[in-house]
Each structure stands twice: as structure tokens, then as C-alpha cells.
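The values are calculated or read from the model by the stated rules, or taken from the named source; none is laboratory data. Since the structure is predicted, the reported quantities are computational estimates derived from the model, not experimental observations. No Cβ is skipped: glycine too gets one built from the backbone with ideal geometry, and neighbour counts run over all protein chains shown. Areas reflect the complete protein model, heavy atoms only, side chains present, ligands, DNA and RNA absent. Shrake-Rupley method; radii C 1.70, N 1.55, O 1.52, S 1.80 Å.
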Amino acid sequence: MNTLTLSNQDARRLFLHRHLLSDAPQGDAKGDALLQVIQGLGFVQLDSINTVARAHDLILFSRKPRYRPSGLKRLYENDNALFEHWTHDAAVIPMAYYPYWEMRRRRDAENLRKRYRNWHKHDFEAQFDKLLDQIREQGPVCSADVGKDEKRSNSGWWDWHPSKTALEYLWRTGALHVIGRDGFQKRYDLTERVLEAHLCDATAAPDDTATIDWCCNGALERLGFATHTELAAFWDHISPAEAKDWVARELADGRLQPIMVTCASGETRGAFARPDIANDPALQIEPTQRLRVLSPFDPALRDRKRAERLFGFNYRVEMFVPEAKRIYGYYVFPILQGDSIIARVDMKAFRDRDTLVVRALWPEPGTRWGKGKQSAFEAELMRLTKLAGVSQVSFDDDWLRAPKSK
């Protein structure tokens, strides 16, 4: 039997459709409609940087331009439809998935204890009972409410005192639950006081085999095709070895097939997909030509190597790169149109000036930035002002730059 080879166009179409980027961005963006978007993506990464809008807000806005941050806040803090925990980073996740985080919480209990001891060099475990008693008696707390007289760890970026470290550990391992944020500071409460009893019962959670199966199925559903390492990395719950064993079982049972995927470079790369992938309706859907700005942390770009293979788009966030060594800028946004990433833009919302300022835009090699693209870009920027909290757009002199060679 010949191995199926997906063309690069088909691979892009499938991938973009799975990431809710094929259809024109429209429709309701709150309540159940917003929850369906988050369920479709699996989770949405949280990030505090607000150059134009926070990452989680831009991720949702790029799919639903009627989205406003209050819609996510309501789902998370009022409706209890989402919970916050860790995937590859902090994220909001549909509450229906909470039981499948029990294995993660248990593994974190083993791994974080040693990591935090080595990292912060203080006895955070001695604060457990004190913090739990305080929350039980006084209600939810932020890290600013505890450990005010404690010595910080001097561990650089993560400058945590023992009580802050203890809060994070108790949250990551299940005793505490994040019920929302003040600004961008987490508020912790007792899990037993927030969630229904069946969710708090670790013995009722899926076992490891069921969790691995759920993780791999969910990852493949959202990726369309993947290697075992990509499956493992999606939720960052399981090991590549566990994903590899899952793939072997699915292949043996006829629920997976090996395929080849054509990269933007023309090379092919092996992956696994469901047996009916050649008939997937997404292959017949031409992605919308509506131009949209993506967050640097968009799910479609999270795996930088996959994005480069599929779209020929080499990207990194340069906020931690010394300014003199940056190729583009501190926080640069990719621009998607159709099935191609056509440019990247350095821009910032100056709310004191009520203006979104475009500092520089670099078309990708081979992209001609003509009147049509400029008009589509300006229309998208005006839509984006509503999320950014400004009302006008301006362009710096010499903002349109020459493409950089790959």
C-alpha cells in the first residue's frame, strides 16, 4: 500500500482549519460561543505583555473580532467554565478537561518539590499549613497578601518568597485553585471550596492510560497530523515515550496511518494521521483572504519548527534578545492571509495618545505589499483598535521595510 503524501497546500489547509483560522473571523464572541472557540483550540495561553493586547485576548480576537476581554473574564471568574493551570505555560482550559489534569498535578507534586527547592533555596514547604489555614479562615489571597516579611529568593526573573512559592506549589498540585486575577496577579482559594466534589476527588479521575489516550487523541484532533513528539508536546502532559507507545497501539489497531507531509521547502517529512485524512473536508476549504494579525503565542505558531516547515516562516520572540542583536523588534506580530504568513509588524498601542502606532512592517520574501494588502491591513488595524483601547492608527516614517532574506 502506497503511503499518502499531503501536499504543502493541503497540509496548510488542514492545519489552519484545525486552528480555527480558515473561516472568516465573525460571529458571537461570548458565553457558549467563546467557550466553543477555547474548546476547539484546547486551551489559550495567558501572557501579561500588553504591547497591543495581551496574548490570550489577541488569540481569541483573531478568530472572533467581536471578542472583548470581559467575555473571557466572565467565563473564567463568574461562570466557572474555565480553569487555569499549566500546559507548556500558564493557560485557561475548559473545565470539562479538569479531570485529565490529575495526572499532571500528581507528577508536578513529585517534580516541583525538588525543582523549587533547588531554584529558590528556601523552605517553602513550611508555609503549607499556615497558608491553607489563612485561606480557610480569611478567604482567597494573592501573593501580595502573604509573606510580606519574608526574604525573597533572589532567583532573577522569578523573585519569589517562600509563601509565593508555596502558593504556586499548592495550586499546581491541586490543593488550591486559581479563581481569577487582580490585574495579572492570581487569586487563590481552596479547591474544595470552589469546585464540585466529584472534581476534587482524585480517585475518580481517569487513570494514566486513559489520560494518555485523551491527550494524544485531543492533540491529533487539533493538529490534523503529527509525530509522536508533537503529540506529547501539545498539552505538555506526557512524555514522548508515552506518545510513541500510543502511536504504536493505534497503528496496530488500524486507527492511525503513517503519511508524508510536504514542507514549504519541498522536502517531505513523516507523520501520523487518521486513516480517513485524504477525505477530510478541510482539504476542500480555501482559507479566507481576510487579513489578520496573530499573537506571537498563537496556537498555530506555538511550535516554531512546525510553523517553519509548513509556512516557511522563521520566527522567534525577541523580547529577551539584547536590542542591538534583534533582527526585527521587541514584540513583533505575524500577519496571516489565506494560507500564508505574509508579513510581520512591529506596532504598539500608545493609550495616552489614543493611537496604535505602526513602527515597521516587513513583508515576507516573495510577498508584494501592494495597494490591496495595504487596504486590507489598514482595515484590520482599525478593527484591532477596539481591542487595543485606542481609536486611531498612525504610521512612523519609513515604516514599510524591505523583506529580509531567509
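If R0 is 25 Å, the Cβ-Cβ spacing of Glu221 and Ser7 corresponds to a FRET efficiency of close to 0.70. Rolling a 1.4 Å probe over the heavy atoms of the protein chains gives the stretch 14-155 an accessible area of 45 Å² per residue. Remark: the Cα gyration tensor places the chain in the oblate category, a/c being 1.5 or greater and a/b not exceeding b/c. When only Cα pairs below 8 angstrom with a gap of at least 6 residues are kept, the chain shows a relative contact order of 17 percent.
For Val52, nonlocal amide neighbours, meaning residues 5 or more places apart or on other chains whose placed amide H falls under 5 Å from its own, are Ala349.
By accessible area, using a 1.4 Å probe on protein heavy atoms only, the chain has 47% of its surface on carbon and sulfur. Over the chain, DSSP H runs of length four or greater, each weighted -39,500 (n - 2.57), average out per residue to a 222 nm ellipticity of -11000 deg cm²/dmol. The Cα center of the stretch 364-387 and the Cα center of the stretch 279-357 differ in position by 13 Å. Using the Cβ-Cβ distance between Asp207 and Gln39 with R0 set to 22 Å, the FRET efficiency works out to roughly 0.40. Counting only aspartates and glutamates at least 8 places from Lys114 when in the same chain, those with an alpha carbon closer than 12 Å to its own are Asp123, Glu125. With a 1.4 Å probe rolled over the protein heavy atoms of all chains, the accessible area of Met319, Met382 falls in the order Met382, Met319, largest first.
What the phi angles of the stretch 21-28 give under the Karplus curve with 6.51, -1.76 and 1.60, with θ = phi - 60°, is a coupling list of 10, 8, 7, 4, x, 6, x, 4 Hz, glycine and proline written as x. Note on Asp129/Ala282: beta-carbon distance plugged into 1/(1 + (r/R0)^6) with R0 of 51 Å gives a FRET efficiency of 0.45. Projecting label points 7 angstrom from Cα along Cα→Cβ for Arg326 and Asp28 puts them 4.1 nm apart. Residues in the stretch 325-406 average 49 Å² of solvent-accessible surface per residue, probe 1.4 Å, ligands and nucleic acids excluded.
Taking 0.36 nm per residue of sequence separation and removing the Cα-Cα distance, the Lys305/Asp253 pair yields an extension gain of 15.7 nm.
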